[in-house]
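*Asks:* Dumping the structure here so I can ask a few things about it.
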Amino acid sequence: MISTLKQRWRRNVQLQQCWREQRYVALDLETSGLDPRVDQVLAVGWIVVEPPLLDYGQARYAVVQQQPDLKQSPVVHGLLQRDFRAAEDAQFVLQHLAEVLENAVLVCHHVGFDWQFLSAFAKAHNVRLKPLAKFDTLTFEAQRLRMQQHHLARGSLKLAACRQRYGLPDYQAHQALTDAIACGELFLAQAYHYAGRANVSLRNLLSYN
């Protein structure tokens, strides 16, 4: 009980601090489908973000499925059976991720999708993931556009479309690490655009999600 109260207190302290003083982990998954109950996590990519920088020394990409059920998913991510010959041990990769996520904010483009898959995958391998909080670049952008009374056209919230509005370069989509980097860059652009030079708290920034 005391340990839980301490954890909550530390979390509240961090949430009140300036968002720039926090550590973030931008992450993307490649999956065999859209349903975490029956589909597989095939690959994971992440990069640590310490504003104003992305730390490429702490970037990670791993194929994590040794016996993939690819279905029609190669049409999206391009992974083929031969790519899984060098698959890494999923539990080892998840334990590494758990360490990286400790006291960090998980950042994804459509975090609900990635977190459902990631939680189920980690649970299946007896690994507990405990990010400080979660930030969704897609939801943030949708909120921003609605507040400016923009019409949300079809495709306007895709990662590439969101990046384009901030003048960020085009990347090859649907590779987990590349998408994680693209998401991390978008997050920084959104946060600095929102906060400017003000000492906006992490809690305030997260209120857009």
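*Asks:* Averaging over all projection directions, find the projected area of the Cα convex hull of the chain and quote it in nm² with one decimal place.
*Replies:* The number I arrive at for the chain is 12.5 nm².
*Asks:* Now for a different question. Can you work out the FRET efficiency for the pair residue 125 and residue 4, with r the C-beta to C-beta distance and R0 = 41 Å, to the nearest 0.05?
*Replies:* Efficiency for this residue pair is about 0.95.
*Asks:* Could you tell me the center-to-center distance, by alpha carbons, between the stretch 116-175 and the stretch 94-109 in angstrom?
*Replies:* Spelled out, the Cα-based centre of one part sits 16 Å from the other.
*Asks:* In nm, what is the difference between 0.36 nm times the number of residues separating residue 116 and residue 192 and their Cα-Cα distance?
*Replies:* Here the answer is 24.6 nm.
*Asks:* For the stretch 118-209, what's the radius of gyration and Dmax over Cα atoms, in angstrom?
*Replies:* Expressed in Å, the Cα Rg and Dmax of the stretch 118-209 come to 15.0, 45.
*Asks:* Could you tell me what percent of the accessible area of the chain is made up of carbon and sulfur, with a 1.4 Å probe and every protein chain present?
*Replies:* In the chain, the share of accessible area belonging to carbon and sulfur is 50 percent.
*Asks:* Please state the Cα pair-distance histogram of the stretch 74-147 with 10 angstrom bins from zero: what percent is in each bin?
*Replies:* 17, 37, 33, 12, 2
*Asks:* Oh, and also: Top to bottom by accessible area (1.4 Å), largest first, where do 194, 24 land?
*Replies:* 194, 24
*Asks:* Could you give the accessible area per residue of the chain, probe 1.4 Å, as a whole number in Å²?
*Replies:* 55 Å²
*Asks:* Gaussian network model of the chain, Cα springs within a sub-10 Å range: biggest mean-square fluctuation belongs to which of 116, 58, 149?
*Replies:* Greatest mean-square fluctuation among the candidates belongs to 149.
*Asks:* Where in the stretch 90-173 are there trypsin sites (Lys or Arg not before Pro) that are in a DSSP coil and have at most 16 other Cβ atoms within 10 angstrom of their Cβ?
*Replies:* Filter output for the stretch 90-173: 128, 154, 158.
*Asks:* Along the three principal axes, how long is the stretch 1-65 when you take its alpha carbons, biggest first, rounded to the nearest angstrom?
*Replies:* Sorted from largest, the Cα extents of the stretch 1-65 read 39, 34, 17 Å.
*Asks:* Specify the residue with the greatest mean-square fluctuation among 106, 145, 157, computed from a Gaussian network of the chain linking alpha-carbon atoms under 10 Å apart.
*Replies:* Residue with maximal mean-square fluctuation among 106, 145, 157: 145.
*Asks:* Counting only the backbone N, which residues of the stretch 98-112 are under 19 Å from the spot 7 Å out from the Cα of residue 13 toward its beta-carbon?
*Replies:* In the stretch 98-112, the label zone of residue 13 (backbone N under 19 Å from the point 7 Å along Cα→Cβ) covers 102-105.
The values are calculated or read from the model by the stated rules, or taken from the named source; none is laboratory data. Keep in mind the model is a prediction, meaning the values are calculated, not measured. Every residue, glycine among them, receives a Cβ derived from its backbone with ideal geometry; neighbour counts consider all protein chains shown. Side chains included, ligands, DNA and RNA excluded: accessible areas come from the protein's heavy atoms. Shrake-Rupley method; radii C 1.70, N 1.55, O 1.52, S 1.80 Å.
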